Amino acid sequence: MLIRTLDNGFTHLNHSEITPQAHYLGRRELLKGLATGTAGLALSGWAGREALAQTARPGVLAPLPGSVSAVVGANVMDKPTAYKDASSYNNFYEFGTDKSDPAKYAHTLKTQPWTVEIEGLVKKPGRYGLEDLMKLSAMEERVYRLRCVEGWSMVIPWVGYSLADLIKRVEPQPGAKYVEFITQADEKTMPGVRGGALDWPYVEGLRLDEALHPLTLLAFGMYGEVLPKQNGAPVRLVVPWKYGFKSGKSIVKIRFTDKQPRSSWEKAAPQEYGFYSNVNPTVDHPRWSQASERRIGEDGLLAKKRKTQMFNGYEAQVGQLYAGMDLKKFF
Ligand SMILES: Nc1nc2c(c(=O)[nH]1)N[C@H]1C(S)=C(S)[C@@H](COP(=O)(O)O)O[C@H]1N2
Ligand SMILES: [Mo]
């Protein structure tokens, strides 16, 4: 099949079957060419990936284009999850614990005005308005796997830039060893914050070298558009080699510290959720295996579970960060 029709009526081109012409042909012309068989021979790999990145747009929110990232490992060849699935099957406990809650209730989130405060052990602390933060570095599109600790995964084309670009700008002090991400917790607009599912605000943390890794993305968009509220608008983190909960949504504060931050999930269940939370098929969650996963969208009768990959498939890029560590202990 050349074209896969998504639930929302728009089309994604199947990357393994796209030709380099996608670079310069408009989408409509390309589709015509595919239909009449004149689009040329199929090309896999980077050219296809690039074409896909520039053609798929759901047309739901404001466009936010990004150039194709040159960061090694930033574009997996897996077929992206349908936009409709990625924006309706979510974890965002501030809006409820059901997967369908965020899409139903996140519309009350107020994303304007929005500021992100940079504080703690940095030479240049300060407050960035969203617009300024967005202009701080060039937007890129990156197709990452995202795997939830619950055992499902998605493939999402995010738009943003390496968090490292921001970190370098604010100049961490020598004592800074960790970065803490504090997210929005507003009882008025986030019904879940009135309940006690987690300790609010939702907090996550990374070691400074993890935060500086070029794959760690400060994301402002997905599928070529600004982030839907349920996916963490207006700005979130995406750390593709860690379980999904490390990717905090709707960030309002980034704090540099000398002490390992305690995340909301660690506070809730320390024996189940560790600080590192690297995707690791050989280290089970105490109550279930992490060896395989279900790719959202592949849930038909014949769909096979996928084997979970070490560091979610990003081992070549990030394995060195954990050299010599006992990953059973530092889970
Ligand atoms: N603020 C906040 N961020 C959050 C969460 C949350 O509940 N609150 N859930 C996390 C979890 S468990 C996952 S799997 C991902 C889901 O991101 P997605 O809905 O965009 O796929 O967001 C993470 N970030
Ligand atoms: Mo998750």
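Readers should treat all values here as calculations from the given coordinates under stated rules, not as data from a laboratory. This structure is a prediction, so every number in the text was calculated from the model and none was measured. Note that each Cβ is placed from the backbone with ideal geometry, even for glycine, and that neighbours are counted across all protein chains shown.
With each label point set 7 Å from Cα along the Cα-Cβ vector, what nm distance links Gln320 and Lys188?
Those two pseudo-labels are separated by 4.8 nm.
How would you order 284-292, 202-210 from highest to lowest mean count of nearby Cβ atoms within 10 Å?
202-210, 284-292
What lysines does Lys259 reach when the alpha-carbon gap must be under 19 Å and sequence neighbours fewer than 8 apart in one chain are set aside?
Hits, sequence-local ones excluded: Lys123, Lys177, Lys246, Lys267, Lys329.
Under a Cβ-only charge scheme (Lys and Arg +1, Asp and Glu -1), can you give me the dipole magnitude of the range 71-322 about the Cα centre, in debye to the nearest 20?
I would put it at about 120 debye.
About the Cα centre, and with charges only on the beta carbon of Lys, Arg (+1) and Asp, Glu (-1), how big is the dipole of the range 150-210? Nearest 20 debye, please.
So the magnitude is around 120 debye.
Given the peptides 220-233, 185-198, arrange them by the average over their residues of other C-beta atoms within 10 Å, most packed first.
220-233, 185-198
Using the Cα centre as the reference, give the magnitude of the dipole from point charges on the C-beta atoms of the range 173-331 (Lys, Arg: +1; Asp, Glu: -1; all else neutral), rounded to the nearest 20 debye.
Roughly 180 debye, rounded to the nearest 20.
Taking θ = phi - 60°, what integer Hz values does the Karplus form 6.51 cos²θ - 1.76 cosθ + 1.60 yield along the range 303-315, in sequence order, with x for Gly and Pro?
Going residue by residue, I get 5, 8, 6, 9, 6, 6, 9, 4, 6, 6, x, 9, 4 Hz, with x marking Gly and Pro.
Select from Leu133, Ala164, Pro191 the residue farthest towards the positive end of the dipole of the range 115-233; place +1 on Cβ of Lys and Arg, -1 on Cβ of Asp and Glu, and compute about the Cα centre.
Ala164
Quick one: if the Förster radius is 45 Å, what FRET efficiency do Met77 and Asp98 give, using the C-beta to C-beta distance and rounding to 0.05?
On the way: r = 32 Å, r/R0 = 0.71.
My answer for the efficiency is 0.90.
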